[in-house]
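My structure is below; once you've seen it, I'll send some questions.
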Amino acid sequence: MAGAYLYRLMKVDGIDSVVLFDEKKTNRCGHKPCAWGVAPVTEYRRLVGAVAEPRDYELKHSDHIIIDGVRMKADMLTIDKARLISDLVGGDVVRHDRPVGEDFDRIIDATGVARAFLEPTRGPEVIADCIQYRISNESDLGMWFKTSGLGYEWCFPLGNNEYHLGFGNLAARVKDYRPVETGVPPVSLSKIRCKCNSRVRLTSPFHSQPFVSRGKVVGIGESIGTVGPLGADGNLYAMQSAEMLLDHWDDLEGYSEAILKRFDWMRKERKVLDKLVGGQVPSIADARTFVAHGKRIGIGMGPVEALRLFKKAMEGRRIPPEEKKA
């Protein structure tokens, strides 16, 4: 998302001397996106509206979600992320080799968890495994999240009776997850359209430094940790980081400072996540950190609900420190 969005922003600004690289993908949609959710809606429309018509990619708008059986107000969209990325790239040529030995003025690392061109992160990594199924179901499954130890299950409606059902976790074997075990109305395996595995970086930007390597390699999006450590949400933050890089194109030090300042809340969330991973009891202040996340994306969650979620998360086993390093 970050790389495609930055590419389109540059094209809109009249910058044409850009070469695109990407790995070949074999899954059905041609990408490795996660649940295709964005929140809040106003920020999604602002970002995408700079380069395209945002409503062309909107699938389902939800004014509430169910978290562990509790209905909460929300302002969330599911979007056709695969189509959006494809349209941002357009029909332009995408190379599948590596830019080795070529003289580029700048290399943008938008490779997500791979962080293929930047130096290794300075802080300990926290990376979760995920699996996701796309299914069709006649019953209305709604939009919901279910805490499951050090992770959660999700159900995102995509319209036309289709859904993304997924599971991400820091401890459990996600490959063992099956949609029929979610507790929602039974899902026939014959109605599974596709599935994919992925990983998500929950490290936070603070622990994902440096953002610039060798003076010409610059990271954006998940490669520099712009994913909420507690919510694992990152689509809009990926686009925001691309926007910020273009604003600081000739001031990379200023870019790094701006990223750290804007996403400092992720550093605070990472502290809470480390507590949960280590089996420590979260405090009221930690609950307020999570409540602030919910407020930021339009979810009406209170401290009591946050503490209840933390309690369920702590039911997951403790992860020895050496296992946290991906």
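The values are calculated or read from the model by the stated rules, or taken from the named source; none is laboratory data. Treat the numbers as computed from the prediction; the structure is a model and nothing was measured. Note that we place each Cβ from the backbone using ideal geometry, even for glycine, and neighbour counts take in every protein chain shown.
Of all residues in segment 94-106 being assigned to a loop (DSSP other than H, G, I, E, B) and of a type in the set (Lys, Arg), which is surrounded by the most Cβ atoms within 10 Å (Cβ to Cβ)? So that I can check it myself, show each step before the final result.
First pass over segment 94-106, keeping only residues assigned to a loop (DSSP other than H, G, I, E, B): 96-106.
Among the residues that remain, those that are also of a type in the set (Lys, Arg) are: 98, 106.
On the way: 98: 11, 106: 13.
Checked segment 94-106; the qualifying residue surrounded by the most Cβ atoms within 10 Å (Cβ to Cβ) is 106.
Table: residues versus (1) surrounded by 21 or more Cβ atoms within 10 Å (Cβ to Cβ); (2) more than 16 Å from residue 298 (Cβ to Cβ); (3) out of contact with any strand residue (DSSP E or B) (no Cβ under 9 Å at 6 or more places or on another chain); (4) at pLDDT below 95.
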site	(1), (2), (3), (4)
17	no, yes, yes, yes
22	no, yes, no, yes
41	no, no, no, no
71	no, no, no, yes
74	yes, no, no, yes
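Looking at segment 43-69, which of the residues that are in a loop (DSSP other than H, G, I, E, B), of a type outside the set (Gly, Ala, Ser) and touching a residue at least 24 places away in the same chain (Cβ under 8 Å) is surrounded by the fewest Cβ atoms within 10 Å (Cβ to Cβ)? Before you say what the answer is, go through the steps one by one.
Within segment 43-69, the subset in a loop (DSSP other than H, G, I, E, B) is 50-53, 68-69.
Cutting the leftovers down to of a type outside the set (Gly, Ala, Ser) gives us 51, 53, 68.
Within this subset, residues satisfying the condition of being touching a residue at least 24 places away in the same chain (Cβ under 8 Å) are 51, 68.
Values: 51: 18, 68: 15.
Checked segment 43-69; the qualifying residue surrounded by the fewest Cβ atoms within 10 Å (Cβ to Cβ) is 68.
Please state which of the following conditions residue 224 fails to meet, knowing it meets all the rest: (1) within 18 Å of residue 126 (Cβ to Cβ); (2) of a type in the set (A, V, I, L, M, F, W, C); (3) out of contact with any Phe, Trp or Tyr (no Cβ under 6 Å at 6 or more places or on another chain).
Here residue 224 meets the rest and fails (3).
To keep it simple, each residue is scored yes or no on (1) over 22 Å from residue 25 (Cα atoms); (2) of a type in the set (Ser, Thr, Tyr); (3) modelled with pLDDT under 95; (4) crowded, with 16+ Cβ neighbours inside 10 Å.
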| position | (1), (2), (3), (4) |
| --- | --- |
| 181 | yes, no, yes, no |
| 187 | yes, no, yes, yes |
| 192 | no, no, yes, yes |
| 228 | yes, no, no, yes |
| 238 | no, no, no, yes |
| 241 | yes, yes, no, yes |
| 248 | yes, no, no, yes |
| 256 | yes, yes, no, yes |
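Sticking with this structure for a sec: Within segment 126-139, restricting attention to residues that are over 20 Å from residue 58 (Cβ atoms) and part of a strand (DSSP E or B), which residue is farthest from the chain's Cα centre (by Cα)?
Filtering segment 126-139 for residues over 20 Å from residue 58 (Cβ atoms) gives 126-131, 133, 135, 137-139.
Filter again for part of a strand (DSSP E or B), leaving 127-131, 133, 135.
Working: 127: 12, 128: 11, 129: 12, 130: 11, 131: 13, 133: 17, 135: 21 Å.
Checked segment 126-139; the qualifying residue farthest from the chain's Cα centre (by Cα) is 135.
Looking for whichever is farther than 15 Å from residue 36 by Cβ, in a loop (DSSP other than H, G, I, E, B), of a type outside the set (Asp, Glu) and touching a helix residue (DSSP H, G or I) at 6+ places or on another chain (Cβ under 6 Å) here; the options are 142, 123, 91. Which one fits? It would help to see each step written out before you state the result.
Values: 142 fails: touching a helix residue (DSSP H, G or I) at 6+ places or on another chain (Cβ under 6 Å); 91 fails: touching a helix residue (DSSP H, G or I) at 6+ places or on another chain (Cβ under 6 Å).
It is 123.
What is the one condition in (1) within 21 Å of residue 22 (Cβ to Cβ); (2) crowded, with 18+ Cβ neighbours inside 10 Å; (3) in contact with a Lys or Arg (Cβ under 6 Å, 6 or more places away or on another chain) that residue 78 does not satisfy?
The single condition residue 78 does not satisfy is (1).
Within segment 258-288, how many residues are surrounded by fewer than 20 Cβ atoms within 10 Å (Cβ to Cβ), β-branched (Val, Ile, Thr) and either in contact with a strand residue (DSSP E or B) (Cβ under 7 Å, 6 or more places away or on another chain) or modelled with pLDDT of 90 or more (or both)?
Selection size over segment 258-288: 1.
Sticking with this one: Can you name every residue in segment 88-116 that is closer than 18 Å to residue 15 by Cα and basic (Lys, Arg)?
106
To continue, here is another question. When only residues in segment 215-226 that are in contact (Cβ under 8 Å) with a residue 40 or more places away in the chain and more than 14 Å from the chain's Cα centre (by Cα) count, which is surrounded by the most Cβ atoms within 10 Å (Cβ to Cβ)?
Applying the first criterion (in contact (Cβ under 8 Å) with a residue 40 or more places away in the chain) to segment 215-226 yields 216-226.
Next, only the ones that are more than 14 Å from the chain's Cα centre (by Cα) stay: 216-219.
Working: 216: 13, 217: 18, 218: 25, 219: 32.
Filtering segment 215-226 for residues that are in contact (Cβ under 8 Å) with a residue 40 or more places away in the chain and more than 14 Å from the chain's Cα centre (by Cα), the one surrounded by the most Cβ atoms within 10 Å (Cβ to Cβ) comes out as 219.
Please indicate, with yes or no, whether at least one residue in segment 54-64 is in contact with a Lys or Arg (Cβ under 7 Å, 6 or more places away or on another chain), hydroxyl-bearing (Ser, Thr, Tyr), over 13 Å from residue 4 (Cβ atoms) and at pLDDT 95 or above. Reasoning before the result, please.
Initial filter on segment 54-64 (in contact with a Lys or Arg (Cβ under 7 Å, 6 or more places away or on another chain)): 54, 57, 63-64.
Filter once more, keeping what is hydroxyl-bearing (Ser, Thr, Tyr): 57.
Now narrow it down to the ones that are over 13 Å from residue 4 (Cβ atoms): none.
Scanning segment 54-64, I find no residue that is in contact with a Lys or Arg (Cβ under 7 Å, 6 or more places away or on another chain), hydroxyl-bearing (Ser, Thr, Tyr), over 13 Å from residue 4 (Cβ atoms) and at pLDDT 95 or above, so the answer is no.
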